[in-house]
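Right, one structure below, let's go through it.
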Amino acid sequence: MRKKLKRFIIFILCFIAGTIMVPAIVSGADASSDIINIYCYDDLEKIKDNPSASYRLMSDIDFTDKDWEPVNFSGSFDGNGHALLNVKVTSTTKDTRLTYDGNMISYDTHFAGFFGILENANIKNLKLLGIEVDVTTKEDCFAACLAGFMENSQIDSCEIYGKVTLKVQDKMFGVGGIAGFGNGSIKNTDANTTLVCVDEDKENKDEQFMGGAYCAGYIDLDGNTVTIDGYDSDHGYVHDGGLVGMYILYPADTSYSGYINNNKVKGAIHFFEDNTDRRAYCSECVGEVMNWTYDFSGNTTDFTRDEVFDYSKDLYPHGNCENTEFRTTQSPATCDEYGYTNYICDTCAYAYKGNFTPKQHVVRQWAEFREATATEVGLNSGECSLCGETVYEEAGFDTSKGIDDKDEAATKVKEEKHISKLPIIIIIVIVALFLTVLIIRTYNINKRKKRRRKKNTNSRR
Ligand SMILES: [Zn+2]
Ligand SMILES: [Zn+2]
């Protein structure tokens, strides 16, 4: 009886090994090659279909003449030192997440940014140069360059040069240099942003937030360099800071020990708060602090709090200058530097950069790197004769190849994916069969032995 039980346990263990271990090993081997390389705009758009995967940017991508919809993302994105140039965002996320004001009132809020909503995501080594987020909405909204909302997400070693403009009519809104509302961390990131927030509804006593790093929440900050040029016209309650508009743990009863350390803040926020019971929070690092639960050290500031008391005219960059003609100078791209146009006002010396161009390499010989099909842009690759870097250029679609109907092509891709799983399934079945046969054989041999033994003892009698 005991032996039977032993055999039974071995059988169960083998079965578990066969059905769990084998797929685990196979998928483990698969995971090492799971990073998806992005070479061009069309590749980048595909992250919307698979937003929890791991991506690596292999080339600078110019967004000129394209309108990018904020993408909700929960995977990892390695910019690999490359830049997305001239990204333009004019819409908000369809999805909402809850944001909280200082009285712990929650709001269903929409978001705008290159990423709309980040959840359990990792973003690193990504450059956003010349990004412009320009949103007009009647809904609660947070807008920022990199992410409108972040939950348990990390941003590390990114670089941002851009402008965010939000014109809004609802009660809860804000503009941030890197992120809007949320929690997680932002480290070693360099953000130089112009931020404009215009409250278009004079009746609502709204909650408004602005920060060179982020608007509100409890995102940890370490080692960031933040340059802010902020313009905030509000008829409710202003919460503005060179780094953070309002530090708040949310929802109610949340406890957390965060940090805001070793950041450099430079710039100014020009604002008005048209309100009879004015509070007008605006300071060099954190505007309003709801929870003093974070470590705060090593931050340096060079910040101007510019409060305006004329509420008749909304505040804009270069708003007080009569001259509207900008003189331009070109800074051409090289192997090491991105190109851009410098816009300068000769009357007041206001200046900004725009029209960024990718790094310029010299490639003598191109080779086909990826074949063009009806659904995938072809790519050529070549080595720069000056710096040796491998660079890629788009070679368009090839509608003569494969299928013209995109839906049909998508079905084909799905089928191919299904087929690629077939060998794994076959391996699992073979191993399970092998183990089962082995166990049955061992069991039968033992049974026969036992019978023989029984026979022998019987015959001896
Ligand atoms: Zn001027
Ligand atoms: Zn080069």
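With a/c under 1.5 counting as rounded, go ahead and sort the stretch 36-317 into rounded, prolate or oblate using the C-alpha gyration tensor (a ≥ b ≥ c being the square roots of the eigenvalues; past the cut-off, prolate if a/b is larger than b/c, else oblate). In terms of gyration-tensor shape, prolate. One Cα centroid belongs to the stretch 71-115, the other to the stretch 283-349; the line between them spans 22 Å. Here the spin labels are modelled as points 7 Å beyond Cα on the Cα-Cβ line, and at Asn120 and Glu322 they lie 6.0 nm apart.
Order by neighbour count: Ser59, Ser52, Ser257, fewest other Cβ atoms within 10 Å first, most last. It would help to have the intermediate numbers written out before the result.
On the way: Ser59 21, Ser52 12, Ser257 9.
Sorted ascending by nearby Cβ count, the order is Ser257, Ser52, Ser59.
Using a Cα distance threshold of under 19 Å, what count of lysine pairs results for the stretch 148-242 when pairs must be 8 or more residues apart or interchain?
Within the stretch 148-242, the lysine pair count is 4.
If R0 is 35 Å, the Cβ-Cβ spacing of Asp277 and Lys48 corresponds to a FRET efficiency of close to 0.20. By the count of neighbouring beta-carbon atoms within 10 Å, fewest first, Met150, Met172, Met104 end up ordered Met104, Met172, Met150. The stretch between Thr373 and Thr90 holds 98.8 nm of extra length on full extension. This uses 0.36 nm per residue minus the Cα-Cα distance. Overall, the anisotropy analysis places the stretch 98-164 in the oblate class: the square-rooted eigenvalues a ≥ b ≥ c of its C-alpha gyration tensor yield a/c not less than 1.5, with a/b not exceeding b/c.
Fewest neighbouring Cβ atoms within 10 Å first, the residues Cys345, Cys197, Cys321 line up as Cys321, Cys345, Cys197.
The convex hull around the C-alpha trace of the stretch 348-395, projected and averaged over every direction, spans 5.5 square nanometres.
Hey, can you rank 151-161, 204-214, 390-400 by average C-beta count inside 10 Å, highest first? Before the final figure, lay out each step's value.
Values: 151-161: 20.5, 204-214: 27.6, 390-400: 15.1.
The peptides rank, most packed first, as 204-214, 151-161, 390-400.
Judged by the mean number of other Cβ atoms found within 10 Å, the most tightly packed of the peptides 162-168, 117-123 leads the ranking 162-168, 117-123.
Of the peptides 240-247, 217-224, 329-336, the order by per-residue mean of other Cβ atoms within 10 Å, starting with the highest, comes out as 240-247, 217-224, 329-336.
Annotation: amide H of Phe369 within the under-5 Å range of Leu379, Asn380, Ser381, sequence separation 5 or more or interchain, hydrogens built in the peptide plane.
Readers should treat all values here as calculations from the given coordinates under stated rules, not as data from a laboratory. Remember, it's a predicted structure, so these values are computed and weren't measured experimentally. In this analysis, Cβ positions are derived from the backbone assuming ideal geometry, glycine residues included, and neighbour counts consider all displayed protein chains.
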